Structure formats: C-alpha cells, structure tokens
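The values are calculated or read from the model by the stated rules, or taken from the named source; none is laboratory data. Just so it is clear, the structure is predicted and the values come from calculations on it, not from any experiment. No Cβ is skipped: glycine too gets one built from the backbone with ideal geometry, and neighbour counts run over all protein chains shown.
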Amino acid sequence: MVRLLRVLPAVILLSILFFLWAILQVILEPDRAVGSGASDSRSGAAIYDSPEVVLAPPAMLHRSGEKFADARGEYVQLVFNEEAKENVAPYVNVIFTRAGHLRSGDVHRCTQLNSVVFGAVELTTRSHDGNDKTQHYGQGEAIRIPPHTPHLYRFIQDTVLTEAWTQPDGSPCSFEAWLYKPFRDRISSASLERTHDAP
C-alpha cells in the first residue's frame, strides 16, 4: 500500500495521458469498441425493465481526490475545472485492482470509456440477444462500452485502469449505474466491503 501511495502522482499523470490517448484511439478505431455496431440505444434501453437489473446505490465519490478501498484495490476520482458552469465537470476515475478480482457487473445509459494503463483485463459483455463476448485488453489499450451493455471485468494482472462516461456528443456524463444481477452476483460480497475511505 505504501509503495502504491509513493507512485500514485506519476500513475495519475500517466492515467490522464493514457485516457486522452484512449479517447483518440476509440475515435480513430471504432471497430475495436466492444459491441460496436450491435448496440442501438433505443432497443438497448429495454434492459432497465428486466427483473435482472436493479438501480445501483448513488455514486459515492463527488469531489476530486475522493477515494475508497476494498479487498479488490483502490478507486480515486479526479475532477477538473469543478468551478465551471458546465452540467458535469470533466473527470476521470483511476482504479487499481489486484489480479483475480472482478469489477462492474452493471450497465449504464452512457458510453463507458476505459483505458488499461498497466496490467491486463478480460471484459465480458452481454449483447441484447443474450450472447456473451469476452475480450482481452492489455497495457495501452482503450475500451469503449456502448450504452445499455451489461459488462463484467476480470483482472488478470494487478491493473491500473481509467474510467469515465460520455454523452453521444462526447461531453462528460454523470455516473449512474444499474446492477446486472447475472454478472454482479459473480462478485464476492466480501470483496466489496470497504477497508477505508479517504477524508
């Protein structure tokens, strides 16, 4: 933990740079996006009517620098230009996850953008017709999860991942999630218990 705290400023800077690069990669290579071409926002929105989908608790991080930790690792939110009169200030979450753990198991109304700064992950998504697709992503790769797409991350190595959500016009989207029980139930409830919150 102490070693992580010493390198955290460098990791945050690298994360921001990788995240910006990831956005460009997704724009320039949209065919690499998870479920690209298969997600229609109107048909996908029906998922929220499913008994397997429940509204997640509200976001726990609200200001830049807030963080929490659990058995899986740490989660830090960075918000930029918080004083701006925009609806949602630009932000990025930086997540450290230990190998072998799972995250997400949810679905969002906005596009989710992730980039793998260090490590490796497997991402499983479920299409609207019920088929699962699992893809491997490594260091420097960008991930774009279309709206209304259930997804689950499995961390193959200790990994630093960035995360944000965007509107169709590319502007930041407020965090809002629904738990997708077939995926979320795979995550050990013990691993979700907080070990500490930052002041």
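For this structure, a couple of remarks:
- Search result, residues across segment 137-157 that are under 11 Å from E122 (Cα atoms) and not in a strand (DSSP E or B): I156, Q157
- Matching residues in segment 49-58 - criterion: being surrounded by 13 or more Cβ atoms within 10 Å (Cβ to Cβ), farther than 11 Å from A177 by Cβ and of a type outside the set (D, E, K, R): S50
- Unmet criterion (only one of (1) among the charged types (D, E, K, R); (2) in contact with a Phe, Trp or Tyr (Cβ under 7 Å, 6 or more places away or on another chain); (3) not in a strand (DSSP E or B)) for D129: (2)
- Scope segment 123-163; condition of a type in the set (D, E, K, R) and at pLDDT 95 or above; matching residues: R126, D132, K133, E141, R144, R154, D158, E163
- Only listed residue being small (G, A, S), at negative phi and without any contact (Cβ under 8 Å) to a residue 24 or more places away in the chain, chosen from S115, S189: S189
- Some residue of segment 107-116 being of a type outside the set (K, R), more than 21 Å from P172 (Cβ to Cβ) and within 15 Å of the chain's Cα centre (by Cα): no
- Among the residues examined, A84 does not qualify as at pLDDT 95 or above and small (G, A, S).
- Within segment 115-136, tally of residues that are within 22 Å of P182 (Cα to Cα) and surrounded by 15 or more Cβ atoms within 10 Å (Cβ to Cβ): 7
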